[in-house]
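Chemist: Can you keep this structure in mind? I'll have questions shortly.
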Amino acid sequence: YHLLHPEYILYRIKELQRAFALRLLLVLVDVEDPAKPLENITKAALTNDCTLICAWSPQEAARYLETYKAYESKPASNIQERVESDYTSRLASALTAVRGVNRTDALTLGSALGSLAGIMSASQQQLSSCPGLGPA
């Protein structure tokens, strides 16, 4: 539809104005070469503060609609990640965001050097003296 009527999406977005806190643009991608149309649609979504969701089948698009409808009146806490409250777990979570650092290494660094500040200010020698870390 977008290839035949490229102005339609912009028209519909403009109709929304700022009436909703969450403005979604759900797109069913059903063309052989979607690169150029998706580039235009992405630009329209970004410049108009919309979240773009691409579905690759009608069933996938329907699942997105069902999920959003099911959660529309639920509190955000139902889908938010559970964040641990203790320092050690939060430190391990932050450190494992770095590729190559697993949870065991993160806990080892935390227990040996005490804090994120301690880890960041540690010398190479201090870091390599931690069990399981250093030259292989």
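Chemist: If we scan the range 3-23, do we find a residue that is aliphatic (A, V, I, L, M) and farther than 30 Å from residue 73 by Cα?
Modeler: yes
Chemist: Hey, another quick one. What tally of residues in the range 10-23 results from selecting those that are exposed (fewer than 15 other Cβ atoms within 10 Å of the Cβ) and either among the polar types (S, T, N, Q) or closer than 20 Å to residue 71 by Cα (or both)?
Modeler: 5
Chemist: Name, by its number, the condition in (1) under 30 Å from residue 6 (Cβ atoms); (2) surrounded by fewer than 11 Cβ atoms within 10 Å (Cβ to Cβ) that does not hold for residue 37.
Modeler: Only one criterion in (1) under 30 Å from residue 6 (Cβ atoms); (2) surrounded by fewer than 11 Cβ atoms within 10 Å (Cβ to Cβ) is unmet by residue 37, namely (2).
Chemist: Going through the range 116-136 one residue at a time, which ones are under 17 Å from residue 91 (Cβ atoms) and aliphatic (A, V, I, L, M)?
Modeler: Matches in the range 116-136: 116, 117, 119, 120, 122, 127, 133.
Chemist: Continuing with the same structure: Using the structure shown, decide if residue 128 is exposed (fewer than 12 other Cβ atoms within 10 Å of the Cβ), over 30 Å from residue 14 (Cβ atoms) and either assigned by TED's automatic domain parsing to the domain that holds residue 15 or of a type outside the set (Val, Ile, Thr) (or both).
Modeler: So residue 128 passes the test.
Chemist: Does at least one position in the range 106-114 carry a residue that is under 30 Å from residue 132 (Cα atoms), polar (S, T, N, Q), at pLDDT 90 or above and not in a helix (DSSP H, G or I)?
Modeler: No, because not a single residue in the range 106-114 is under 30 Å from residue 132 (Cα atoms), polar (S, T, N, Q), at pLDDT 90 or above and not in a helix (DSSP H, G or I).
Chemist: In the range 98-123, what residues are among the aliphatic types (A, V, I, L, M) and either closer than 30 Å to residue 21 by Cα or surrounded by 12 or more Cβ atoms within 10 Å (Cβ to Cβ) (or both)? Walk me through it before giving the result.
Modeler: Filtering the range 98-123 down to residues among the aliphatic types (A, V, I, L, M) leaves 98, 101, 106-107, 109, 112-113, 116-117, 119-120, 122.
Selection gives 101, 106, 107, 109, 112, 113, 116, 119, 122.
Chemist: Looking at 67, 88, which is the one that is of a type in the set (Ser, Thr, Tyr), more than 30 Å from residue 115 (Cα to Cα) and in a helix (DSSP H, G or I)? Walk me through it before giving the result.
Modeler: Details: 88 fails: more than 30 Å from residue 115 (Cα to Cα).
Only one candidate passes the filter, namely 67.
The rows are residues; the columns are (1) assigned by TED's automatic domain parsing to the domain that holds residue 117; (2) farther than 30 Å from residue 134 by Cβ; (3) touching a Pro at 6+ places or on another chain (Cβ under 8 Å); (4) assigned to a loop (DSSP other than H, G, I, E, B).
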{"position": "2", "(1), (2), (3), (4)": "no, yes, yes, yes"}
{"position": "22", "(1), (2), (3), (4)": "no, yes, no, yes"}
{"position": "30", "(1), (2), (3), (4)": "no, yes, no, yes"}
{"position": "43", "(1), (2), (3), (4)": "no, yes, no, no"}
{"position": "63", "(1), (2), (3), (4)": "no, yes, no, no"}
{"position": "99", "(1), (2), (3), (4)": "yes, no, no, yes"}
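Chemist: Restricting to the range 40-75, and then to whatever is closer than 14 Å to residue 9 by Cβ and among the hydrophobic types (A, V, I, L, M, F, W, C), can you tell me which residue is surrounded by the fewest Cβ atoms within 10 Å (Cβ to Cβ)?
Modeler: Here the answer is 46.
The values are calculated or read from the model by the stated rules, or taken from the named source; none is laboratory data. These numbers were taken from a predicted model, which means no experiment stands behind them. All Cβ positions, even for glycine, are placed from backbone atoms using ideal geometry, and neighbour counts span all protein chains on display.
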